[in-house]
Amino acid sequence: MRGGRADAAGGRAPASGTHDPELVDLAAQLVGIDSVNPDLDPTGAAEVALAHALRDRLVASGFQTTLIGPGARPSLIARKPGTGAGRTLLLSGHLDTVGVRTYADGPFAPRVDGDQLWGRGAYDMKGALAAGVLAAERATAGDGLTGDVVLAFAADEEFGSIGTAAVLASLDAAEIDGALVLEPTGLELGVAHRGFAWFALEVHGRAAHGSQPEQGVDAIAGMLRLVDALDADPAPCAPEQGHPLLGTSTLRVATLDGGVDAATVAPHCRATIERRTLPGETPAVVRAALEATLARAAGSDVSFQLTELVSRPAFEAPDGSAVVAAVDRAALAEVGAEPDRRGDPWWTEAALFADAGIDVALYGPAGGGAHADAEWLDLPSAVTHARVLERVLREFCG
């Protein structure tokens, strides 16, 4: 999960069972495979070994599999066709993890301690991959289902999302009736999250000798004026209405760089700006609001340029979502209560599925240590996750 990730749910979550030996073994096997994203750490092994291990297992379980994308960075699509005209549900997860340079010890030596499985990726998100695989295998065993079950396990979620982009390009979104992104949510149901837009802000000045600053134009002084304006003006930062699950969005200056040396008036200054967005906000609207604030502060004597670097949309599950309703019913049957709703400040690839017109939500296990120096999966919650997913598949695709 990208974009300022914090732990989705630390601690324990209610579970309907204790340990499932097959789930523990599979999750541990996946944790033991280095799949560090090489765009985050050039020494990372990338996703290829993990993709092939999952493909081999799913082929043995009767799934039709395809590897797409570069050979060292493949994404896996596995499908078990249904026997009739039932609905198709896609389970989405990512193969890559963040790096391990500061990991406490044995990142790829999975260790079970009581109800916890430790190791890089156990929580984010190899435990969920294991639960998704087992749920799909169990739901489609025997006579199978009338609808298709599709597993889409993608490369590069932690950096550029090239894997899920390739997955969506290779599938007919109109044939996918629903999707669940298996990011860890602590067995809560993720129905909204923020998006983000990154901008470069450049201020242009004119160099002069530091002893005669009046002969130059100080780009740093101009930049500080603009930054002060962004801090003082809430209009570009937060729509007045906010969002019931996400609150207001945020705006911050992420980097700042300018000047040549101590004896020269700065001819140039550059900042990067991060704006977290809410459902319904577009980069164009955000940019227009930022430019209006900056122009008022700049007046006629500060020259600036604002350039969009990258943006990703916010996400909100649609009213009447069939996927949300299916998870509600499955969780009620499995643990006796519908899952709580959650909205998250970070970005996930659920937004890419929603942009493709697919009914989607997020549902995953509990644990802690995502992107941290030690990471763990709560095993009872992973058992519940797998059981609820199996019920969802049987109902939705049955």
Quiz item: Expressed in nm to one decimal, what extension gain is obtained for the pair ALA109 and GLU22 from 0.36 nm per residue of sequence separation less their Cα-Cα distance?
Solution: 29.5 nm
Exercise. Provide the FRET efficiency to the nearest 0.05 for the ALA262-ASP373 pair, computing r from the beta carbons and using R0 = 35 Å.
Key: 0.40
Exercise. Let me know the volume per residue of the alpha-carbon convex hull for region 272-349, in Å³.
Key: 115 Å³
Quiz prompt | Net charge contributed by nearby residues that have their C-beta within less than 13 Å of ASP218 (K/R +1, D/E -1) | solution = 0
Self-check item: Cα gyration tensor shape for region 285-398, rounded if a/c is under 1.5, else prolate or oblate
Solution: prolate
Practice problem: Could you pull out every residue, at least 5 positions away or on a different chain, whose amide H is within less than 5 Å of the one on THR97? Hs are placed 1.01 Å off N in the peptide plane, and Pro or chain starts have none. | Solution: SER35, VAL36, ASN37
Practice problem: Rank ARG194, ARG73, ARG287 by mean-square fluctuation in a GNM of the chain with C-alpha springs under 10 angstrom and give only the top-ranked residue. | Solution: ARG287
Practice problem: Label region 68-169 by shape, choosing from rounded, prolate and oblate, from the square roots a ≥ b ≥ c of the eigenvalues of the Cα gyration tensor; if a/c is under 1.5 it is rounded, and otherwise prolate applies when a/b is larger than b/c, oblate when it is not. | Solution: oblate
Practice problem: Could you tell me what percent of the accessible area of the chain is made up of carbon and sulfur, with a 1.4 Å probe and every protein chain present? | Solution: 52 percent
Practice problem: Note the full-extension length gain between ASP56 and ALA165 as 0.36 nm times their separation in residues minus their Cα-Cα distance, in nm to one decimal. | Solution: 36.9 nm
Quiz item: Which one of TYR103, TYR363, TYR123 has the biggest mean-square fluctuation once the chain is modelled by GNM with Cα springs under 10 Å?
Solution: TYR103
Quiz item: Given the rule -39500 (n - 2.57) for each run of at least 4 DSSP H residues, summed and divided by the residues of the chain, what is its mean residue ellipticity at 222 nm, to the nearest 500 deg cm²/dmol?
Solution: -9000 deg cm²/dmol
Practice problem: Mind giving me the nanometre distance, one decimal, between the label points for SER211 and VAL253, set 7 Å out from Cα along Cα→Cβ? | Solution: 3.0 nm
Quiz item: Under a Cβ-Cβ cut-off of 11 Å, what is the net charge of the residues other than LYS126 that fall near it, where Lys and Arg count +1 and Asp and Glu count -1?
Solution: -2
Quiz item: Suppose R0 equals 56 Å; then what is the FRET efficiency for GLU175 and ALA221 from their Cβ-Cβ distance, rounded to the nearest 0.05?
Solution: 0.45
Exercise. List the relative contact order of the chain as a percent without decimals, with contacts defined as Cα pairs under 8 Å and 6+ residues apart.
Key: 27 percent
Self-check item: Most mobile of PHE304, PHE353, PHE63 in a GNM of the chain (Cα contacts under 10 Å)
Solution: PHE304
Quiz item: Computed over the Cα atoms of the chain, what is the ratio Rg over Rh, Rh following Kirkwood?
Solution: 1.05
Practice problem: Would you work out if region 110-181 is rounded, prolate or oblate? Take a ≥ b ≥ c from the square roots of the eigenvalues of the alpha-carbon gyration tensor; rounded if a/c is under 1.5, else prolate when a/b is larger than b/c, oblate otherwise. | Solution: oblate
Practice problem: Give me the angle, in degrees from 0 to 90, between the Cα long axis of helix 219-232 and the longest principal axis of the Cα atoms of the chain, rounded to the nearest 10. | Solution: 60 degrees
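The values are calculated or read from the model by the stated rules, or taken from the named source; none is laboratory data. Bear in mind that the values here come from a model prediction, so they are computed numbers and not experimental data. Counting neighbours? That spans all protein chains shown, and the Cβs are built from the backbone with ideal geometry, glycine included. These area figures cover heavy atoms from the full protein model, side chains too; ligands, DNA and RNA do not enter into them. Shrake-Rupley method; radii C 1.70, N 1.55, O 1.52, S 1.80 Å.
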